[in-house]
Structure formats: C-alpha cells, structure tokens
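The values are calculated or read from the model by the stated rules, or taken from the named source; none is laboratory data. The shown structure was predicted, so the numbers you read here are calculated from the model rather than taken from an experiment. Every residue, glycine among them, receives a Cβ derived from its backbone with ideal geometry; neighbour counts consider all protein chains shown. Quick note on the areas: whole protein, heavy atoms, side chains included, nothing else; ligands and nucleic acids left out. Shrake-Rupley method; radii C 1.70, N 1.55, O 1.52, S 1.80 Å.
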Amino acid sequence: QLAELSGPVSEWLKRQSPHLLTDCASVFDLLFDATIQAIGTHGGDAVGRPAKGNRWFERALNHPAGRLADAIFSDPKAHSLTSQSGIPDDWKKRLQKVLAMEGASGACAIAIVASRLTWLFEIDPVWVRIIVLPIVDGAGSASEAFWSGYMSGHYVPSHALYRELKNSFVNLASQSAQ
C-alpha cells in the first residue's frame, strides 16, 4: 500500500524532515527506508527518461526519490556543518541508500545530490570523491542526471572540485559538440 502513496509520503517527509530529524530521527528513518523500498517495488520508474533534453533535475523535484534526497538536506544539522567537518554518518547512510536506487528513481536522487555537490565537496571531499564523483563519467541516465543536477546549482566549484571535474567537463563538452 505504501507504494501507491510514495508521492505524498515522500512530500510529507520532505516537509517534516527538520522536525523529524531533530526530535524523532528513528521515525524519519523508518519511513525513509520503507518509502525507498516501496518506490523500488512499485516501479516508480514507469515514466522513464525525461522527454525533453536533459531535464532530470526538474523531474527530480517532484519525484518521490528526489524528495527523499531533498529531505536529507533539510536536516537542521546542515547549518552547523563547516568546511572539512565531514558529512554526518546518518546522512552518509541515507545518501548512499538514495544513490543506490535503480533506474529513473536513482537518477532523480543523483540529480538532487549533484545539485549540492559544491557544498558537499566543501564539507567532505573524501566521501564525495569515493561515492559521488564516480557517477560523473558513468554511462546513461546516472551521468545525465548528475550533470543536470550539478548544472542546476549555478555554483562555481572550488579549485579542488574543478580539478576533480575538469576531465569530465571536457568529455561532456566533446560529447555535446558531436
């Protein structure tokens, strides 16, 4: 039954996440995990790829998987994170769960996470290098979703992040020119 309600449940979790993550993190995690499982079994990917161009980020904003990824970043702990402080372990677990989703659901989660890449890299460059950056040069929807999300952020990367992305930027430009 939760599969049919994954849209409203994910929207509710996104809106309530500041309160839930502060006062009832175990309840948040229970609903978060159940919703991920429901999306996976429901086949939340029936719509497939975005119809026009590379619009994964726009799609992710209203997709249950995108909302779940977004809910993680609504945690009030975000305000206390500083440069090189590291991503909290509970965030890592949640982020890795949404990034592991398959198909369009996973692509939507990737787009949301990539939209915050500059900030995530500032907080925890090691984790980003290990978990997120390998997606950049992958094939298909995951890489497309990454670039859609990253480009939506409109942030100039730090020199360190730019060095990490430079070859991928060149490859992306080469592919676009063909």
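For the range 137-172: of the residues being of a type in the set (Ser, Thr, Tyr) and open to solvent by 60 Å² or more (accessible area, probe 1.4 Å), which is modelled with the highest pLDDT? Break it down into steps so the answer makes sense when it comes.
We begin by selecting, within the range 137-172, every residue of a type in the set (Ser, Thr, Tyr); these are 141, 143, 148, 150, 152, 155, 158, 162, 168.
The next check asks that each one be open to solvent by 60 Å² or more (accessible area, probe 1.4 Å); those that pass are 155, 162.
Details: TYR155: 82, TYR162: 93.
The residue in question is TYR162.
I'd like to know if the range 91-103 contains one or more residues that are within 12 Å of the chain's Cα centre (by Cα), among the aromatic types (Phe, Trp, Tyr) and closer than 22 Å to SER17 by Cα.
Yes, that holds for at least one residue.
Given the residues PRO134, PRO76, which is the only one that is within 22 Å of GLU11 (Cβ to Cβ) and surrounded by fewer than 13 Cβ atoms within 10 Å (Cβ to Cβ)?
Values: PRO134 fails: within 22 Å of GLU11 (Cβ to Cβ).
So the residue among PRO134, PRO76 that is within 22 Å of GLU11 (Cβ to Cβ) and surrounded by fewer than 13 Cβ atoms within 10 Å (Cβ to Cβ) is PRO76.
For the range 53-79, give me the residue count where each residue is part of a loop (DSSP other than H, G, I, E, B) and either under 11 Å from the mean Cα position of the chain (by Cα) or of a type in the set (A, V, I, L, M) (or both).
1
Matching residues to (1) surrounded by 18 or more Cβ atoms within 10 Å (Cβ to Cβ); (2) modelled with pLDDT of 95 or more:
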position: SER85; (1), (2): no, yes
position: TRP91; (1), (2): yes, yes
position: ARG94; (1), (2): yes, yes
position: GLU102; (1), (2): no, no
position: ALA109; (1), (2): yes, yes
position: ALA114; (1), (2): yes, yes
position: PHE121; (1), (2): yes, yes
position: VAL126; (1), (2): no, yes
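List every residue pair whose Cβ atoms lie under 9 Å apart, where the two residues are 6 or more positions apart in sequence or sit on different chains, the first residue falls within the range 1-16 and is among the small types (Gly, Ala, Ser), and the second residue, located anywhere, is surrounded by fewer than 16 Cβ atoms within 10 Å (Cβ to Cβ) and not in a helix (DSSP H, G or I).
ALA3/GLY43; GLY7/ASN62
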